[in-house]
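Chemist: Please find one structure pasted underneath; my questions will follow.
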Amino acid sequence: MATWTIKALLDWMTPFLADTQVDSPRLCSELLLTHVLGLRRIELYTQFDRVLSPAELASLRSLVKRAGEHEPVGYLVGKSEFYSIEFDVQPGCLIPRPETELLVQHAIEAIRGYGDNPQVLDLCTGSGCIAVALAKNCDRVQVTATDISGEAIAIARANIHKHNLSERIELLQGDLLAPLRQRRFDLVVCNPPYVSTCEFEGLDRNVKDYEPELALRAGDEGLDIYRRILQNIGDHLTPEGVLMMEMGFQQGTALCQLIEQTGLFQEIAVKKDFEGHDRLVLAKTESS
Ligand SMILES: C[S@@+](CC[C@H](N)C(=O)[O-])C[C@H]1O[C@@H](n2cnc3c(N)ncnc32)[C@H](O)[C@@H]1O
């Protein structure tokens, strides 16, 4: 009978998950093992010869089966890393994506240029990943985060609590800008749903079958939520306010046009992600 050490399991799981077309099969295998054994990833390598107990093997087997059916590893282990911070995730919220770190990076730069106590709004907060990353990295900032989904709000609340940020991040549930009444912000950041009807049909199974449709779809061209935000954004920005929104890599031209049509912004710039794709639009009410 085979002895299932950590090394033997990694050597078995990685090609198994690769054969089922799971992305990053080695990383996925490591994350499942660390979850079952309560170890950090580095500890897998310092305990390569550790033999798993029958109970550990049984729970690992069930997770590997689900991963092979394309259930996202973040949901299987209940957490995901974003901007080097650990977040709880559950099927009610989108799993934070590495490309969204670009928005956080630009937001932090903008916040550093503001005076005391800048007010930031994170629209469509999901797991709360952007709000938490900003509050953790910028001591003086006060963040308001909103989402329409009760499930997402509950997960965001857990993440804000986990990182001791309840005093600096306020959470509101509601439709886009509606819960904010007359309030204005120095910086509005947003990673909204932006997947078009056609793109949605072609999404990978791990996204389409498991992540919330509400977090992804935004009408035929994927622009519906941007249009709705832009209708009222003028009522929620300070005179020097800045708007930053993530976008799909083919949406730059259309989104810039929508932003220009508001007549509110002096400067509009598109930023590329680490793969060289258009990913972020920055709109400033005043040119700098
Ligand atoms: C693409 S996810 C982004 C989540 C998170 N900010 C991130 O970057 O991982 C979009 C989020 O928008 C929320 N959402 C969808 N429609 C909304 C609406 N009309 N008003 C407020 N939030 C909405 C979804 O519930 C989802 O959490």
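The values are calculated or read from the model by the stated rules, or taken from the named source; none is laboratory data. As the structure is a prediction and not an experimental result, all values here were calculated from the model. All Cβ positions, even for glycine, are placed from backbone atoms using ideal geometry, and neighbour counts span all protein chains on display. Note: areas computed on protein heavy atoms with side chains; ligands, DNA, RNA excluded. Shrake-Rupley method; radii C 1.70, N 1.55, O 1.52, S 1.80 Å.
Chemist: Kindly identify the range 141-233 as rounded, prolate or oblate by the Cα gyration tensor criterion: order the square roots of the eigenvalues as a ≥ b ≥ c, call it rounded if a/c is under 1.5, otherwise compare a/b with b/c, prolate if a/b is larger, else oblate.
Modeler: Oblate is the answer for the range 141-233, as a/c is 1.5 or above yet b/c matches or exceeds a/b.
Chemist: Within the chain, what's the longest stretch lacking GluC sites (Glu not before Pro) that sit in DSSP loops with no more than 10 other Cβ atoms inside 10 Å?
Modeler: No qualifying site falls inside 1-166, the longest such stretch.
Chemist: Looking only at 115, 126, 248, which one moves most when the chain is put into a Gaussian network model with springs between Cα atoms under 10 Å?
Modeler: In the Gaussian network model the winner is 115.
Chemist: Let me ask you something else. In the range 30-120, which trypsin sites (Lys or Arg not before Pro) fall in coil by DSSP and have 11 or fewer other Cβ atoms within 10 Å?
Modeler: Hits after loop and neighbour filter: 40.
Chemist: Shifting gears a bit: Please find the FRET efficiency linking residue 200 to residue 61, where r is the Cβ-Cβ separation and R0 is fixed at 35 Å, and quote it to the nearest 0.05.
Modeler: Details: r = 33 Å, r/R0 = 0.93.
Here the calculated transfer efficiency is 0.60.
Chemist: Rounded to the nearest 500, what is the 222 nm mean residue ellipticity of the chain from helices alone, with -39500 (n - 2.57) per DSSP H run of 4+ residues and division by all residues?
Modeler: It comes out at -11500 deg cm²/dmol, rounded to the nearest 500.
Chemist: Quick check: at a probe of 1.4 Å, how many percent of the accessible area of the range 60-111 sits on carbon and sulfur atoms?
Modeler: 44 percent
Chemist: Eight or more residues apart or on different chains, and alpha-carbon atoms under 28 Å: count the Lys pairs in the chain matching that.
Modeler: 16
Chemist: Further question on the same structure: Using only the heavy atoms of the protein chains and a 1.4 Å probe, how would 24, 149 rank by accessible area, largest first?
Modeler: The ranking, largest first, comes out as 24, 149.
Chemist: A further question follows. Scan around residue 125 for amide H atoms under 5 Å from its own, H built in the peptide plane at 1.01 Å from N, and keep only partners 5 or more places away or cross-chain.
Modeler: Counting only residues 5 or more places away or on other chains, the set is 146, 147.
Chemist: On average over all directions, what projected area in square nanometres does the range 6-77 have, based on the convex hull of its Cα atoms? Mind showing how you got there, number by number?
Modeler: On the way: hull surface 16.5 nm².
Convex hull of Cα atoms, orientation-averaged projection: 4.1 nm².
Chemist: Excluding ligands, DNA and RNA, what is the solvent-accessible area per residue of the chain at a probe of 1.4 Å, expressed in Å²?
Modeler: Here the per-residue accessible area is 49 Å².
Chemist: OK, next. Given Cα pairs under 8 Å that are at least 6 residues apart, what percent is the relative contact order of the chain?
Modeler: 13 percent
Chemist: Quick one: dipole size for the range 91-284, taken about the Cα centre, charges +1 on Lys/Arg Cβ and -1 on Asp/Glu Cβ, in debye to the nearest 20.
Modeler: 520 debye
Chemist: Ratio of the chain's C-alpha Rg to 2.2 N^0.38 Å, to two decimals? Could the numbers behind the result be given before it?
Modeler: On the way: Rg = 20.8 Å, N = 288, 2.2 N^0.38 = 18.9 Å.
So the Cα radius of gyration is 1.10 times the expected 2.2 N^0.38 Å.
Chemist: Quick check on the range 184-280: take the gyration tensor over C-alpha atoms, sort the square-rooted eigenvalues as a ≥ b ≥ c, and tell me if it's rounded (a/c under 1.5), prolate or oblate.
Modeler: prolate
Chemist: Given the options 194, 212, 238, identify the residue whose Cα lies farthest towards the positive end of the charge dipole of the range 190-288 (+1 on Cβ of Lys, Arg; -1 on Cβ of Asp, Glu).
Modeler: Towards the positive end, the residue furthest out is 238.
Chemist: Counting only protein heavy atoms and a 1.4 Å probe, tell me what percentage of the range 175-287's accessible area is made up of carbon and sulfur.
Modeler: That share works out to 44 percent.
Chemist: How many nm separate the modelled label positions at residue 41 and residue 21, each set 7 Å beyond the Cα in the direction of the Cβ?
Modeler: Between residue 41 and residue 21, the label points sit 2.5 nm apart.
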